[in-house]
1. Excluding the sites themselves, what is the longest stretch of the chain that contains no chymotrypsin sites (Phe, Trp or Tyr not before Pro) in a DSSP loop with at most 16 other C-beta atoms within 10 Å?
2. Full-extension gain between residue 301 and residue 169, please, as 0.36 nm times their residue separation minus the C-alpha to C-alpha distance.
3. Which lysines have a Cα lying under 28 Å from the Cα of residue 338, excluding residues fewer than 8 positions away in the same chain?
4. What residue among 296, 358, 307 has its Cα farthest toward the positive end of the dipole of the range 291-360, where the charges are +1 on Lys, Arg and -1 on Asp, Glu, each on the Cβ?
5. Estimate the FRET efficiency between residue 153 and residue 314 by the formula 1/(1 + (r/R0)^6), using the beta-carbon distance for r and 35 Å for R0, to the nearest 0.05.
6. Run through the DSSP bridge list for the range 102-331 and note the antiparallel percent, rounded to the nearest 5.
7. Calculate the dipole size of the chain relative to its Cα centre from +1 charges on Lys and Arg beta carbons and -1 charges on Asp and Glu beta carbons; express the result in debye to the nearest 20.
8. Might you report the magnitude of the Cβ-based charge dipole of the range 84-171 about its Cα centre, with Lys and Arg at +1 and Asp and Glu at -1, to the nearest 20 debye?
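The values are calculated or read from the model by the stated rules, or taken from the named source; none is laboratory data. Please read these numbers as outputs of a predicted model, since none were measured by experiment. With ideal geometry, Cβ positions are generated from the backbone for all residues, glycine too; neighbour counts draw on all protein chains shown. Just the protein is used for accessible areas: all its heavy atoms, side chains included, with ligands, DNA and RNA removed. Shrake-Rupley method; radii C 1.70, N 1.55, O 1.52, S 1.80 Å.
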Amino acid sequence: MPLPFSGKQDIPKYRFGDWRRMLSDAVTSADELSTFFTIDQKSIASVTPTYPMRINPYYLSLIQHEDDPIWKQAVPDTMEIQDRSGEKDPLCEERQSPVPNLIHRYPDRVLFMVTKECALNCRFCLRKGRVGSRPSATDDLIESGIDYIRGHKSIQEVILSGGDPLMLEDDALNGLLHKLRKIPHVDIIRIHTRMPCALPHRITRDLVTILKQYPPLYLNAHFNHPGEITSQAAEACHILANAGIPLGSQTVLLKGVNDNSAVMRHLMRELIKIRVKPYYIHHPDPVRGTRHFRPSLQRGIKIMETLRGHISGMCVPHYVIDLPGGGGKVPLLPNDMKEIKNGRIRVRNYKGEMFEYPVE
Ligand SMILES: *Cc1c(COP(=O)(O)O)cnc(C)c1O
C-alpha cells in the first residue's frame with residue numbers, strides 16, 4: 001500500500017552540511033511519525049520506551065511505502081518487544097572489554113566505541129538495548145581507551161565504532177585521530193560508520209579534509225538495500241574516494257529487506273559503481289528484539305551461491321557469522337569441494353557442473 005505523502009507533511013529539503021539540523025529534526029516519537037505516515041501510533045509507542053526510535057529526515061525520505069525495506073530498518077515493530085529469544089550481548093562484548101567502550105577480541109586489533117549515538121536507530125542493531133545503557137564516551141573514557149592502545153604494542157589496527165563515530169563533531173574526531181596516529185604501533189585506522197548510507201549529508205568537505213590527514217585510514221560503510229544508494233549517498237562516497245580513502249561495505253542479511261538473490265546482487269553491483277567494495281555480509285546475531293529479522297543460514301549460503309561466479313568477483317563479500325561468547329567471525333562458504341579420491345578432488349563450479357582437480 002503506497003503511503004500518501006500528499007495530504008501529509010512533506011519532508012523538508014536539506015543541503016550537505018545540514019547534518020546537525022537534520023539530527024535535531026529526526027523523528028523520535030509515534031506522534032511525530034504520524035505527521036508523515038498513516039500509522040498505528042499505539043503499537044509504535046509501545047516499543048519506543050524499550051528501544052528508542054530515531055529516523056533522520058533524509059532516511060525517512062527514502063521510505064516509499066509502509067513496510068518496505070527502508071521502513072523495516074527504521075520503524076519500530078511490536079515484534080521487537082515480543083521477542084524473548086536471543087540475548088542482550090550474545091558476543092560477550094562486555095566481558096572482552098578491558099576498559100569501558102573498547103573490545104579487544106583479536107590480538108592485533110581493537111574495536112573502540114567512541115560514542116553511543118547514531119543518525120538512525122536501526123531496528124536490527126547488534127547493540128540494541130545496550131547503546132543507551134553504556135556510559136557515553138566522555139573525554140575521560142576516550143582517554144582511557146587511548147591509554148590502553150598506547151600500552152599494548154600488539155594492537156596494529158584501531159576500528160572506530162559505536163554508535164557511529166561520525167556523530168562526533170569534527171574537532172573531537174580530529175583530536176582523536178591525531179592521538180591515535182601518534183601511537184607508533186598503530187598502523188591502520190578503520191572507521192565503521194553508517195553515515196554514507198543513513199545521513200550522507202554528514203560527509204562534508206571539512207570532514208574529508210580531516211580524514212585524509214591520517215592515512216592509511218579505511219572507511220567501512222553499511223548499506224543493506226539498493227534503495228539506499230541515492231545520488232546523495234553516491235556523492236558522499238565520491239568525495240571520500242577522491243580523497244584517497246578506501247571504502248568498504250558491511251551488509252547485514254535481513255529477512256524482508258535483502259534476503260533475496262536479485263536484491264543482493266543488485267546491491268553489490270550498485271556498491272562497486274560508487275567505489276565501495278563489499279566486505280562482509282553479516283548473518284544477524286541472536287540479539288534480543290531482532291528475531292523477526294533473522295533468516296536461516298541455509299538461505300544465506302544459497303544467496304552466496306548465486307553471487308560467486310555469477311557476478312564480478314569484486315562484488316562478492318564474505319558471508320560471516322560471529323560466534324557466541326566472543327569466538328570471533330567465521331566465513332561460511334558454499335560447499336564446492338565434494339570429495340577427495342585417488343589424489344583428485346571433485347569440485348563444483350558456479351553452474352553446478354562437476355570437475356576433477358589434482359590435489360598435488
Ligand atoms: C568484527 C570485529 C572486529 C573486526 O574484524 P575484521 O574481521 O577484521 O573486520 C574486531 N573486533 C571485534 C570485537 C569485532 O567484533
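1. Values: sites that count: 5, 16, 350.
In short, 17-349.
2. Working: separation 132, 0.36 × 132 = 47.52 nm, distance 3.99 nm.
Full extension of this stretch gives 43.5 nm more.
3. Answer for residue 338, where 28 Å is the Cα cut-off: 302, 329, 351, listed by chain and number.
4. 296
5. Working: r = 35 Å, r/R0 = 1.00.
E between residue 153 and residue 314, to the nearest 0.05, is 0.50.
6. On the way: 7 of 32 bridges.
Taking every DSSP beta bridge with both residues in the range 102-331, the antiparallel ones total about 20 percent.
7. Numbers: 48 positive and 41 negative charges, 175 e Å.
Result for the chain is approximately 840 debye, rounded to the nearest 20.
8. With only Lys, Arg, Asp and Glu charged at Cβ, the dipole is about 640 debye.
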